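What follows is a single structure, written as structure tokens, with notes after it.
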Amino acid sequence: MSGPVDENVGIHGRIIGLLEENGCGYELLKHGYVHTSADAAKVRGTRLEEAAKALVLKDRTNSKIFMCVVSGHKRLDLKRIKALLGSKNVSLAHPDEVFAATGCKVGTVPPFPILFGLEGYADEGIFEHEHVVFSAASHYKSVRMRAQDWKTVAGVVVEQLAKQD
């Protein structure tokens, strides 16, 4: 009997290559199928606050696709994103748009806009914790690494993006 299908093997390899080329320490975590950050935190035995959730968005006024990364326990503030971009029509990309832009299905997009040639933003709250944990382009694998190392290689601009409690 074979194991689960490991999707996005090429993208996973590019993530690991990027981390190793830049001397970033990381831990590869293998686990059962997960689709959400909350599910992943439970299965991995990690804190949801450490999860780096990659969201692919689209500015529908100019068809621009970009990525925002927020902590797993936070929600993206679309009003802030619209103000940041000077746009009135920004929304989450449809699953087919996410796949076209990244080659990943929703739930497997790693928080590395640089790998996809996308503009990227990260919420400042991600750096409240020493480590981040995120999908390694798979429903079955995650990476845990230092948040500051991730910031160095991810290709993100840090802003306040999450809704405040």
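Quick look at the numbers
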{"item": "Residue check, ALA101 more than 20 Å from GLU27 (Cα to Cα), among the aliphatic types (A, V, I, L, M) and either at pLDDT below 95 or in contact with a Leu (Cβ under 7 Å, 6 or more places away or on another chain) (or both)", "result": "yes"}
{"item": "ALA137 being on the phi < 0 side of the Ramachandran plot, within 11 Å of the chain's Cα centre (by Cα) and either surrounded by 20 or more Cβ atoms within 10 Å (Cβ to Cβ) or touching a residue at least 12 places away in the same chain (Cβ under 8 Å) (or both)", "result": "no"}
{"item": "Test: residue in the stretch 52-62 that is outside any strand (DSSP E or B) and touching a strand residue (DSSP E or B) at 6+ places or on another chain (Cβ under 6 Å)", "result": "no"}
{"item": "Hits in the stretch 28-60 - residues which are free of Cβ contacts under 8 Å to residues at least 60 places away in the same chain and of a type outside the set (A, V, I, L, M)", "result": "SER37, ASP39, LYS42, GLY45, LYS58, ASP59, ARG60"}
{"item": "Matching option when the condition is outside any loop (DSSP other than H, G, I, E, B), surrounded by 15 or more Cβ atoms within 10 Å (Cβ to Cβ) and of a type in the set (A, V, I, L, M), among VAL143, VAL109", "result": "VAL143"}
{"item": "Breaking point among (1) farther than 27 Å from TYR33 by Cβ; (2) touching a Pro at 6+ places or on another chain (Cβ under 9 Å); (3) in contact (Cβ under 8 Å) with a residue 60 or more places away in the chain, for CYS104", "result": "(1)"}
{"item": "Enumeration of residues in the stretch 146-158 that are under 17 Å from THR46 (Cβ atoms) and either basic (Lys, Arg) or crowded, with 24+ Cβ neighbours inside 10 Å (or both)", "result": "ARG146, TRP150"}
{"item": "The stretch 146-165: number of residues that are in contact with a helix residue (DSSP H, G or I) (Cβ under 7 Å, 6 or more places away or on another chain) and part of a strand (DSSP E or B)", "result": "3"}
{"item": "Any chance LEU19 is part of a helix (DSSP H, G or I) and either of a type outside the set (Gly, Ala, Ser) or surrounded by 12 or more Cβ atoms within 10 Å (Cβ to Cβ) (or both)", "result": "yes"}
{"item": "Scope the stretch 71-84; condition surrounded by 18 or more Cβ atoms within 10 Å (Cβ to Cβ), touching a strand residue (DSSP E or B) at 6+ places or on another chain (Cβ under 7 Å) and either of a type outside the set (Val, Ile, Thr) or under 25 Å from ARG47 (Cα atoms) (or both); matching residues", "result": "SER71, GLY72, LYS74, LEU76, ASP77"}
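So that you can scan it fast, the table gives a plain yes or no per residue for (1) among the hydrophobic types (A, V, I, L, M, F, W, C); (2) touching a helix residue (DSSP H, G or I) at 6+ places or on another chain (Cβ under 9 Å); (3) surrounded by 15 or more Cβ atoms within 10 Å (Cβ to Cβ); (4) more than 18 Å from HIS139 (Cα to Cα):
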site: ALA40; (1), (2), (3), (4): yes, yes, yes, no
site: ASP59; (1), (2), (3), (4): no, yes, yes, yes
site: VAL69; (1), (2), (3), (4): yes, yes, yes, no
site: PHE99; (1), (2), (3), (4): yes, no, yes, no
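The values are calculated or read from the model by the stated rules, or taken from the named source; none is laboratory data. All of these numbers come straight from a predicted model, not from anything done at the bench. So basically every Cβ, Gly included, is an ideal-geometry build from the backbone, and we count neighbours across all protein chains shown.
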